[in-house]
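The values are calculated or read from the model by the stated rules, or taken from the named source; none is laboratory data. Note that the structure is predicted; figures quoted are calculated from it, not measured. Methodologically, a virtual Cβ is constructed for each residue, glycine included, from the backbone with ideal geometry; neighbour enumeration extends over all protein chains shown.
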Amino acid sequence: LYDRFLLRFQVGYLGEDSSFISLLKLSVNSLPTISLQELENYQNQAAFLPISDTILESILKVRRDLFKEGIIASDRRWKQSLDVLKAYAFLEGKNEVDEESLMFLCHVLWSHPEQKKTILKIVGSVAAPWDARAIELYDIAKEIYDNAINAEDKEQVGIEANKKLKKLLDELADLEAKHSTEKIKDINAKVQVFQKEIIKKCLGIEL
């Protein structure tokens with residue numbers, strides 16, 4: 001199935017009540033926000049974004065390290081990934097594909113979901129280790145949140161979950177202080193929501 005798609009995302013069910021309500025209110029008849037001509041113009045601009053030899057060397061390192069882990073993407077997929085990186089960098093307002101842009105390879109290179117963590121670790125070590133750590137912390141927080149929300153003894157599990165999330169938030173705050181990227185800010189905000197939901201649903205406390 002995954003071989004049919006260049007970009008690969010896994011989307012779970014909505015966990016936050018506010019997000020679910022927003023989904024219910026979403027109009028299915030929304031009109032496009034840009035014209036076809038604008039889209040073609042953006043595509044042309046993105047195509048001309050440069051990729052330096054330094055970035056190509058970084059991509060080569062990722063390829064080698066993935067190969068050592070038994071994760072192999074086709075040469076065709078690697079070639080196609082360059083266009084994806086250009087498009088991503090353009091949408092991020094960059095003038096070229098830089099090291100941080102390489103993080104988007106995490107959505108291109110995996111063939112099986114169980115490969116995602118290894119790919120994140122390898123790509124992150126080259127592209128943006130601080131963002132990679134933030135994503136890793138988010139995955140841990142999401143697992144803690146899901147376990148607490150679905151637990152039978154919600155109060156006891158919720159107390160432990162709240163303590164664990166506080167430690168994760170402390171580390172995220174430290175990361176944000178040193179590397180104030182949009183990814184870290186976004187993950188920090190999401191984990192804060194996890195904590196508030198646990199306090200509300202498991203401990204019965206309104207904040």
Is it the case that region 21-30 has a residue that's surrounded by 10 or more Cβ atoms within 10 Å (Cβ to Cβ) and within 28 Å of Met103 (Cα to Cα)?
no
Looking for something in contact with a Leu (Cβ under 6 Å, 6 or more places away or on another chain) and surrounded by 13 or more Cβ atoms within 10 Å (Cβ to Cβ) - is there at least one such residue anywhere in region 2-11?
no
In region 91-126, the residues that are part of a loop (DSSP other than H, G, I, E, B) and touching a residue at least 60 places away in the same chain (Cβ under 8 Å):
Val108, Trp110, Ser111, His112
Index of the failed condition, Ala141 passing every other in (1) buried (at least 20 other Cβ atoms within 10 Å of the Cβ); (2) more than 25 Å from Gly204 (Cα to Cα):
(2)
Got a sec? Which of Ala151, Ala128 is at pLDDT below 95 and more than 30 Å from Leu85 (Cα to Cα)?
Ala151
